[in-house]
Number of protein chains: 4
Amino acid sequence: MDMRFLFLGDTVGNIGVATVEKYLPLLKHDLKPQVTIVNGENATKVGRGINHELYLKIMNAGADVITLGNHAWNNSEIFDFINQTKNLIRPLNYPGKDVPGHGYIEMNVNGNQVAVINLQGRVFMDEIDDPFENVDNLLTQLHKDNVNIIFVDFHAETTSEKKAMALHLDGRISALVGTHTHVQTSDGQILPHGTAFLTDAGMTGPNDGVIGMKFEPVINKFMTARPNRFEVQETGSAVLSGCYIDVDSKSGKARKIKNILINKDHPYQEF
Amino acid sequence: MDMRFLFLGDTVGNIGVATVEKYLPLLKHDLKPQVTIVNGENATKVGRGINHELYLKIMNAGADVITLGNHAWNNSEIFDFINQTKNLIRPLNYPGKDVPGHGYIEMNVNGNQVAVINLQGRVFMDEIDDPFENVDNLLTQLHKDNVNIIFVDFHAETTSEKKAMALHLDGRISALVGTHTHVQTSDGQILPHGTAFLTDAGMTGPNDGVIGMKFEPVINKFMTARPNRFEVQETGSAVLSGCYIDVDSKSGKARKIKNILINKDHPYQEF
Amino acid sequence: MDMRFLFLGDTVGNIGVATVEKYLPLLKHDLKPQVTIVNGENATKVGRGINHELYLKIMNAGADVITLGNHAWNNSEIFDFINQTKNLIRPLNYPGKDVPGHGYIEMNVNGNQVAVINLQGRVFMDEIDDPFENVDNLLTQLHKDNVNIIFVDFHAETTSEKKAMALHLDGRISALVGTHTHVQTSDGQILPHGTAFLTDAGMTGPNDGVIGMKFEPVINKFMTARPNRFEVQETGSAVLSGCYIDVDSKSGKARKIKNILINKDHPYQEF
Amino acid sequence: MDMRFLFLGDTVGNIGVATVEKYLPLLKHDLKPQVTIVNGENATKVGRGINHELYLKIMNAGADVITLGNHAWNNSEIFDFINQTKNLIRPLNYPGKDVPGHGYIEMNVNGNQVAVINLQGRVFMDEIDDPFENVDNLLTQLHKDNVNIIFVDFHAETTSEKKAMALHLDGRISALVGTHTHVQTSDGQILPHGTAFLTDAGMTGPNDGVIGMKFEPVINKFMTARPNRFEVQETGSAVLSGCYIDVDSKSGKARKIKNILINKDHPYQEF
Ligand SMILES: [Fe+2]
Ligand SMILES: [Fe+2]
Ligand SMILES: [Fe+2]
Ligand SMILES: [Fe+2]
Ligand SMILES: [Fe+2]
Ligand SMILES: [Fe+2]
Ligand SMILES: [Fe+2]
Ligand SMILES: [Fe+2]
């Protein structure tokens, strides 16, 4: 029997949260996923981090797990609740002793053990622990515990680090979906050993502006190299980006991966 | 009347050139573009640069213009012929006096003046001249010459620099298509003032491996940080990535942009 | 006859400004420089930028010219007065139209035309205009105007960009002194064609902490990769770092360059 | 009783090795160090890595330990002998299973246990394992074994990472000396808890050119952003850079650190 994962990429600002609230129930009704995951690293109104209220909003909209990324810690309210909030996960490979929160979650879904992992890349990003080594160690442990339905949100900048990680994990996880660039790629595929892969799911939030932010400060920064306070784009239309993946619940292998993209050019349609 | 542009992203190695030779004639037969542009910055068998033989192969396959990128200069044979080869263009904003070759080409196509520009970004890339200022200056000159059908291949790493450039040029050019990440994005769109935009066209070449290169050296580099000689993936199936864009030849505004993706999961189909 | 330049590196925070006020009069009394230059890019109490009050303090302490760097624009009060303040210069090669302020100053000193230039590097720094090309153009103009006593504060991160610039300008300027790393180097030298060179003058400010900032937030950032608000070190002893350079006022060639370093291990001594 | 460490920074190319051979015996004769350490990461004639012949030359000149850095692996001959060569150490925090060689050496010197550690930074360098965490773990082990005379060569780019590491280890090691920038700093100091610190020892090799390399290819790269093959500067005068440190052999605390700089402006003098 198949298990379906529904995933939405980086939720950005008020428009992002409202768009999740508007479309996630419809998508769940139509797609009937067993596991729904939403990246929430940009959920606050300033586009950096998440707080408890937004966590609840996204969960109430239908998420089972919320993942994060390099902006995980930008809203300091997260330190108040992440330790007690098992279904809000931050990248596994943050360094240091006693990193707040957890880098993955294990859940029982209809009798199947399922793990969702959040991982972060390093190329052109912060100096954190080795994502390759960290995920290898976790997979050894999960496989020992007979968990073989495993979803990874790999939050990374470059296409090369994402594809290399996907091939590295091919056959050991069910799916790896990238986040962080805020632009959806069209390369959804099943890798040779059964892992579903999409370089980036894209973002959910304001469609205008520059990957979620207002255009003017961004272009001023590019053209003057002087400081410009970036602000979330708060007007205009929205985009919702993500994918769904069907996994054989016995083998943990993926059978199918399909992009989801809703915006003014691609209105919502029943699936 | 409309003018159609056909664009193929970074051609990688022998498989890339063979894939262009195989499919470009079919695509031209079916799509009947007035202008065909192919990015050739990775055309040599080692995936870096281009030489005269490969330039001829891609032109003979049907290209009108070949664009380049950060690998433009990696095969030094280019210095022998780029000055005399107007339809092979390198990024406009390379610095220094007497940069070999040209950063754009102006052509008469069925009575319309058309310009194709190659531009390169700077975020997480080499320190070159300002792409925003350089293209602004060139557009001022082109518009003075009444050229308003303008295609830009913007070779850049980040989604933010690409979208910022697209919005900066919106209404002043017909289309901006990104290259360099080797993975196609699914965000093809017409911006508010009539410029067609796609964050990245993706690559044409080996589908296996890591964005054109063999997996083993890449994963070894990531996992050991020790030197590993990267090599082009020379076996397995191929991918062809690109897009086509319809432009109103009177106003220079784009009417339509559509992705092209051919691989083992998406076989060639008549358009 | 010789002309003497006295230069102090990046002035950091309250301790930095107080240290300039304490020692600069002594240094001027003992060394009798004709031109005194102080880098003030970190002069505010938070270590970022400068304001009018601090500008006046440093000028009143004895500076003839204040130079800046990548933190030039971090305190927005600068926009209120930099255009009218010719002896406060910002890096020449900031991009964009109508950059506030000036990148160099020309002064008449005892009948000699002298220029002081502020320049900024690009390796591991912001994407700004080419410092090599920009300074070449300015030097052409200055030489045409018969200015040959020229001091450059090159604000840059890497030793290679600094040494390359120094050799590039050797014989065309009197002295190039680096800033930005906040640590003084011991390589003061006269280059073959007569330009004095020091890779970095070092900083003037709190001696404890990490290049001017409190240790705890910095080490926490390194060990956790989580956000930590950096703060200027406000206690402990101070360091003053700089150099003086003797230039033949006829030829513009340097005769001598000597480091100045005052801290708890190296108390002030008459020169 | 005191123990003296003599340290020489990055040995670059033929001139570097010859300079070590010329001056190290003199320095040892005059300074009578108990432990002599030479960084050899650029010892080959192309300035990248080391081979067995050069290893022997530097040892025969008087080194007890040779340290490396980011260029450790650039000459692949090292893989043939580093595992059997305990006094040639590479940075401790290279990632992966079974990294060739060792990251530190423990030696008995006149009845005292001494450790020499090679460590590498990450800011603006390769993505390797956390140097802070790695050295903490090693120090816990060394202290358990009652080793308290400990010298660290920290191969890193930025002044901030070096000073942060020094303060982090202050009181737990005898000395931390930086390498990699190839330019000596003048900030030698004893930190509050007894650790000697110098941001960078500087290089030993060709004094002309750009930190060991010929000027022309470097300036061409800066001014054109096109590929230029860097080559070691093979003519002109030499520089030798380093320092010596006196350590109380009972407490492991440093008493004194002093720069050594020999070049055409600073001829060798008896100490
Ligand atoms: Fe994000
Ligand atoms: Fe992110
Ligand atoms: Fe490419
Ligand atoms: Fe490229
Ligand atoms: Fe500074
Ligand atoms: Fe700075
Ligand atoms: Fe080195
Ligand atoms: Fe190095």
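Rounded to a whole number, what is D in µm²/s for the protein assembly as shown from Stokes-Einstein with the Kirkwood radius over alpha-carbon pairs (25 °C, 0.890 mPa s)?
80 µm²/s
Tell me which residues come under 5 Å, amide H to amide H, from C:His102 once H is placed; ignore anything under 5 positions away on its chain.
Amide H neighbours of C:His102, under 5 Å, 5+ apart: C:Arg90.
Sorted by mean Cβ packing within 10 Å, highest first, what order do the peptides B:166-176, C:107-117, B:194-204 take?
B:194-204, B:166-176, C:107-117
Of all DSSP beta bridges located in the range B:36-118, what percent are antiparallel, nearest 5?
50 percent
Report, in whole Å, the centroid distance computed from the Cα atoms of the range C:41-76 and the range B:219-235.
The range C:41-76 and the range B:219-235 have Cα centres spaced 47 Å from each other.
Identify which of A:Asp30, A:Asp129, A:Asp248 has the largest mean-square fluctuation in a Gaussian network model of chain A, with springs joining Cα atoms closer than 10 Å.
Looking only at A:Asp30, A:Asp129, A:Asp248, the largest GNM fluctuation is found for A:Asp30.
Check which residues have an amide H placed less than 5 Å from D:Ile260's amide H, if you skip close sequence neighbours.
Amide H neighbours of D:Ile260, under 5 Å, 5+ apart: D:Gly242, D:Cys243, D:Tyr244.
List the aspartates and glutamates whose Cα lies under 15 Å from the Cα of D:Lys250, skipping any in the same chain that are fewer than 8 positions away.
Reachable aspartates and glutamates: D:Asp2, D:Asp145.
Calculate the FRET efficiency for B:Lys97 and A:Lys32 from the Cβ-Cβ distance with a Förster distance of 51 Å, rounded to the nearest 0.05.
0.20
Cβ under 11 Å from D:Met213's Cβ, D:Met213 left aside: what net charge do those residues give with Lys, Arg +1 and Asp, Glu -1?
Taking every Cβ under 11 Å from that of D:Met213, the sum is +1.
Spelling out what I want: for every residue of the range A:234-247, take phi, set θ = phi - 60°, compute 6.51 cos²θ - 1.76 cosθ + 1.60 (Karplus), and round to whole Hz; glycine and proline get x.
10, 10, x, 7, 10, 10, 10, 10, x, 6, 10, 9, 9, 10
Any idea what the dipole of the range B:28-156 comes to, in debye rounded to 20, about its Cα centre with Lys/Arg Cβ at +1 and Asp/Glu Cβ at -1?
380 debye
Please name whichever of A:Met59, A:Ala43, A:Phe230 sits farthest to the positive end of the charge dipole of the range A:2-262, dipole taken about the Cα centre and charges placed at Cβ: Lys and Arg +1, Asp and Glu -1.
A:Met59
On the rotation axis linking copies A and C, which residue of A comes nearest by its Cβ, and by how many whole Å?
A:Phe124, 6
Residue farthest toward the positive end of the dipole of the range A:117-235, with Cβ of Lys/Arg at +1 and Asp/Glu at -1: which of A:Ala175, A:Gly209, A:Phe132?
A:Gly209
Residue by residue through the range A:264-271, what is 3J(HN,Hα) from phi via Karplus (6.51 cos²θ - 1.76 cosθ + 1.60, θ = phi - 60°)? Round to whole Hz and write x for glycine and proline.
So the Karplus estimates, Gly and Pro as x, are 5, 8, 10, x, 4, 9, 4, 9 Hz.
Is the range B:82-187 rounded, prolate or oblate when judged by the Cα gyration tensor, a ≥ b ≥ c being the square roots of its eigenvalues, rounded requiring a/c under 1.5 and prolate requiring a/b larger than b/c?
Oblate, because a/c is 1.5 or more while a/b does not exceed b/c.
Can you tell me what share of the DSSP beta bridges in the protein assembly as shown is antiparallel? A percent to the nearest 5 is fine.
If we restrict to bridges inside the protein assembly as shown, about 50 percent are antiparallel.
To the nearest 0.05, how large is the calculated FRET efficiency for C:Lys22 and A:Glu133 if R₀ is 51 Å and r is the Cβ-Cβ distance?
FRET efficiency, C:Lys22 to A:Glu133: 0.50.
Which distances in nm, rounded to one decimal and ordered from shortest, link the label point of D:Phe81 to the equivalent label points in the other identical copies, with labels set 7 Å from Cα toward Cβ?
4.7, 6.2, 6.4
Measuring from the lowest to the highest alpha carbon on each principal axis, how far does the range D:2-262 reach, largest first, in angstroms?
The Cα atoms of the range D:2-262 stretch 53, 41, 36 Å along the principal axes, largest first.
Under 20 °C and 1.002 mPa s, how fast does the range C:192-259 diffuse according to Stokes-Einstein, given a Kirkwood radius computed over C-alpha pairs? Answer in µm²/s, whole number.
145 µm²/s
When you look at the Cβ of every residue in C:181-194, what mean number of other chain Cβ atoms sits within 10 Å?
6
Which residue, D:Pro227, D:Pro33, D:Pro25, tops the fluctuation ranking in a GNM of chain D built on C-alpha contacts under 10 Å?
D:Pro227
Output wanted: per-residue J couplings in Hz (rounded whole) for the range B:180-188, from phi through Karplus 6.51 cos²θ - 1.76 cosθ + 1.60, θ = phi - 60°, x for Gly and Pro.
3, 7, 6, 10, 6, 9, 10, 9, x
Given the C-alpha centroids of the range D:104-174 and the range A:80-155, what is the distance between them in whole angstrom?
Between the Cα centre of the range D:104-174 and that of the range A:80-155, the gap is 30 Å.
Assume the label is 7 Å from Cα along Cα to beta carbon: what separations in nm does C:Asn137 have to the matching positions in the other copies?
0.7, 5.3, 5.3
What are the nm distances, shortest first, from D:Lys258 to its equivalents in the other copies, labels at 7 Å along Cα→Cβ?
With the label placed 7 Å along Cα→Cβ, D:Lys258 yields 2.1, 7.8, 8.1 nm.
Work out the length of the dipole vector of chain B about its Cα centre, built from +1 on the beta-carbon of each Lys and Arg and -1 on the beta-carbon of each Asp and Glu, and round it to the nearest 20 debye.
340 debye
Using +1 on the beta carbon of Lys and Arg, -1 on that of Asp and Glu, and nothing else charged, what's the dipole of the protein assembly as shown about the Cα centre, debye to 20?
Charge dipole of the protein assembly as shown: 0 debye, to the nearest 20.
What percent antiparallel are the DSSP beta bridges of the range B:2-262, to the nearest 5?
Approximately 50 percent, going by the DSSP bridge assignments.
Which whole number gives the average count of other chain Cβ atoms within 10 Å of the Cβ atoms across peptide B:97-104?
1
Only the coordinates and a few stated rules stand behind these numbers; no lab work does. Worth saying up front: this structure is predicted, and the values here are computed from it rather than measured. When we count neighbours, we look across all protein chains shown, and the Cβ atoms used for this are built from the backbone with ideal geometry, even at glycine.
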